[in-house]
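The structure under discussion appears below in the form of structure tokens.
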Amino acid sequence: MNLASYRKKSPWILHYNAGGCNGCDIEILACLSPKYDIERFGMINTGNPKQSDILLVTGPVTKRSRERLVEIYAQMPEPKVVIACGACASTGGVFRGMYNCEGGIDQYIPVDVYVCGCGTRPEQIIDGVVQALGILETKTKELEESVRLKKETVKEGKQINRRNIADQVKPAMI
Amino acid sequence: MGRQYEIPIGAQHISLLEPLHFKFTTENEKIVKTDANVYYVHRGIEQACCSKFKFRQVSFVVGRVCGLCSISHTTAYSQVAEKLLKIEIPLRAKYLRMLVIELDRIHSHLLCLSHVAENSGFEALFMKTMQYREFSMELLEAVCGNRIQYDFSIVGGVARDLKPQVAQSIMERLKKFVPQLDELMDIYKNNWTLSLKNKGAGAITKEDAMRLNVVGPFARAAGLAVDVRNETEDLLPWKEVGFEMVTETTGDVYARNIVRLRELYVSIRIIENIINGLPESALITETKAFPDGEATVRLEAPRGELFYYAKGNKTQVLERLKIKAPTFSNVAAMTEAFTGNEYGSAPAIIASYDPCLSCTAR
């Protein structure tokens with residue numbers, strides 16, 4: 001079973017509207033429709049955060065939706081990629097500075113790809129998602145790298161101890 | 001008597017485009033009580049329009065209230081600002097506004113229909129409706145320059161002219177669309193599988209619709225003949241371009257689908273009439289006045305009656321702007337119409353209301 005290739009060949013998308021105007025949301029829906037057909041990359045829109053790899057967020061974060069946004073992000077399994085769709089998700093856009101808005105989602109969760117435009121075109125969204133696939137691959141590699149090999153070995157007397165390799169290296173006693 | 005269970009749906013759910021929370025109290029799978037929570041996307045646009053932006057900029061800001069009916073918002077705001085400035089806009093601008101509103105209605109209704117089909121579990125029909133919808137997005141891009149968020153109406157007129165080639169391509173594409181619409185009408189009307197999910201679901205009576213102040217296709221499906229296009233003539237000449245009221249009687253999801261599909265025929269006729277009889281005049285009325293006094297405007301958005309109130313005080317910044325969106329009027333009836341239905345059909349019923357919460361919460 002090669003999990004990495006599954007992830008790359010069929011990344012599942014989770015879409016959350018954090019207070020946007022629906023404009024980018026209907027363009028995401030248009031991406032799923034036959035003309036743009038995002039499913040040729042194996043992408044399916046799923047409603048479950050626990051099954052998804054890519055989080056598509058639209059809208060400036062309103063004060064009520066930010067807890068839900070962080071909650072959804074926390075529920076997604078690693079590795080995960082976040083795409084900010086549209087001007088208001090990236091920076092706050094026209095809503096920046098309004099009393100119930102935070103400017104952009106990157107104040108709350110780390111964002112990997114920013115997609116510009118108000119509203120974003122489906123071509124731009126697809127381009128952003130394809131970029132996100134590359135990031136997903138590198139993130140997978142980082143996650144699967146051995147942590148123990150990177151750490152320095154621990155010397156106890158004359159012997160090198162490889163068992164407690166995660167332990168801190170003690171300062172030499174002279 | 002079974003035990004009562006509370007089942008939440010939302011704020012994030014596969015069947016919802018926007019954050020919306022319903023709490024159903026169910027008994028033997030039947031919904032007995034519903035609580036709705038719609039204010040997840042409140043951004044504070046009204047306050048910003050009265051403090052941060054000048055009145056000529058506000059028409060671009062209110063377009064961002066809702067991406068689905070942005071032309072209705074910009075047009076309604078432009079009209080209310082023109083009332084405050086006491087100017088009359090050119091006739092060609094009025095006709096072009098109506099043209100874009102009707103094109104917008106085609107794309108919005110088809111989106112809603114496809115969403116109903118998806119939530120009823122008919123994925124193939126969702127794909128088919130979305131495929132047929134793309135032509136309206138392309139036409140809107142040709143007319144206004146953007147697929148969504150077309151800032152077409154500005155204070156005093158419209159921002160762009162309709163080029164003759166574009167007008168010709170609209171007529172050609174509409175001719176192609178009519179047989180596709182007939183096909184969709186046939187499926188939504190006669191498909192047996194879809195009728196199991198849609199017929200009788202989420203029904204509301206005419207009396208209830210009247211009592212709960214329902215607007216838009218939701219009311220027209222229940223037999224209530226409410227349409228702003230039928231009532232006002234002063235700002236946009238709807239009857240001149242062939243508007244016709246569409247009503248159904250049963251008030252369920254099926255009736256709402258049929259009302260939307262039949263309204264598309266009316267929209268197509270209106271667009272053809274506008275293009276055939278487009279008057280020649282300037283596009284914009286220039287003025288250096290400042291808004292003064294109070295004014296209200298009503299406009300038929302794809303979801304129902306949109307209401308704008310504005311108050312000016314002879315400065316660049318408005319004193320007050322109030323937006324009442326169609327879905328706000330429908331929330332009471334939305335919770336009422338769930339009662340007595342199966343929990344399993346709730347997603348299709350939610351989609352058939354066509355809720356626009358970014359309009360409601362602003």
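Within region B:112-130, track down each residue that is in contact (Cβ under 8 Å) with a residue 24 or more places away in the chain and surrounded by fewer than 22 Cβ atoms within 10 Å (Cβ to Cβ). Spell out the reasoning first.
Initially, region B:112-130 is screened for residues in contact (Cβ under 8 Å) with a residue 24 or more places away in the chain, giving B:112-113, B:115-122, B:125, B:128-129.
Passing the criteria: B:Gly121, B:Leu125, B:Lys128.
Can you tell which of B:Arg3, B:Arg43 is modelled with pLDDT of 80 or more, within 16 Å of A:Ser65 (Cβ to Cβ) and of a type in the set (Lys, Arg)?
B:Arg43
Tell me which residues, restricted to region A:106-125, are part of a helix (DSSP H, G or I) and away from chain B (no Cβ under 14 Å).
Listed by number, the residues that qualify are A:Asp106, A:Gln107.
Of the residues B:Val100, B:Val41, B:Val61, the single one that is touching a Leu at 6+ places or on another chain (Cβ under 9 Å), free of Cβ contacts under 8 Å to residues at least 60 places away in the same chain and aliphatic (A, V, I, L, M) is B:Val100. Reported count of residues in region B:312-331, each being touching a residue at least 40 places away in the same chain (Cβ under 8 Å), of a type in the set (D, E, K, R) and assigned to a strand (DSSP E or B), is 2.
State yes or no: is B:Ile89 part of a loop (DSSP other than H, G, I, E, B) and more than 14 Å from every other protein chain (Cβ to nearest Cβ)? So that I can check it myself, show each step before the final result.
On the way: part of a loop (DSSP other than H, G, I, E, B): yes; more than 14 Å from every other protein chain (Cβ to nearest Cβ): yes.
Judged against the criteria, B:Ile89 is a match.
Of all residues in region A:77-101, count the ones that are crowded, with 19+ Cβ neighbours inside 10 Å and within 25 Å of A:Asp53 (Cβ to Cβ).
Here is the first cut: in region A:77-101, the ones crowded, with 19+ Cβ neighbours inside 10 Å are A:80-90, A:92-95, A:98, A:100-101.
Subsequent filtering for residues that are within 25 Å of A:Asp53 (Cβ to Cβ) retains A:80-90.
So the count comes out to 11.
For region A:37-60, residues that are more than 11 Å from the chain's Cα centre (by Cα), crowded, with 18+ Cβ neighbours inside 10 Å and more than 10 Å from chain B (Cβ to nearest Cβ) total 2. Restricting B:Lys52, B:Lys83, B:Lys33 to residues that are away from every other protein chain (no Cβ under 13 Å) and at pLDDT below 85 narrows the list to B:Lys33.
Scanning region B:162-183 for any residue that is hydrophobic (A, V, I, L, M, F, W, C) and touching a strand residue (DSSP E or B) at 6+ places or on another chain (Cβ under 8 Å) turns up nothing.
Residues considered: B:Ile14, B:Ile106. Of these, the only one that is within 30 Å of B:Met130 (Cβ to Cβ), at pLDDT 85 or above and within 14 Å of another protein chain (Cβ to nearest Cβ) is B:Ile106.
If you go through region A:14-25 one residue at a time, do you hit one that is more than 9 Å from chain B (Cβ to nearest Cβ) and out of contact with any strand residue (DSSP E or B) (no Cβ under 7 Å at 6 or more places or on another chain)? No - not one qualifying residue is present in region A:14-25. Among the residues of region B:184-200, those identified as among the charged types (D, E, K, R), part of a helix (DSSP H, G or I) and in contact (Cβ under 8 Å) with a residue 24 or more places away in the chain are B:Lys189, B:Lys197.
Of all the listed residues (B:Gly67, B:Gly121), the sole one being more than 15 Å from the chain's Cα centre (by Cα) and within 30 Å of B:Ile187 (Cβ to Cβ) is B:Gly121.
All of A:Ala132, A:Ala74 fail the test of being more than 10 Å from chain B (Cβ to nearest Cβ), surrounded by 20 or more Cβ atoms within 10 Å (Cβ to Cβ) and not polar (S, T, N, Q), apart from A:Ala132. Among residues of region B:136-157 being without any contact (Cβ under 8 Å) to a residue 24 or more places away in the chain and out of contact with any helix residue (DSSP H, G or I) (no Cβ under 7 Å at 6 or more places or on another chain), the one that is surrounded by the fewest Cβ atoms within 10 Å (Cβ to Cβ) is B:Gly145.
Residue-level check: of (1) without any contact (Cβ under 8 Å) to a residue 40 or more places away in the chain; (2) assigned to a loop (DSSP other than H, G, I, E, B); (3) buried (at least 22 other Cβ atoms within 10 Å of the Cβ), B:Arg133 misses just (2).
The values are calculated or read from the model by the stated rules, or taken from the named source; none is laboratory data. This structure is a prediction, so every number in the text was calculated from the model and none was measured. Quick reminder, even Gly has a Cβ in these numbers, built from the backbone with ideal geometry, and neighbours come from all protein chains shown.
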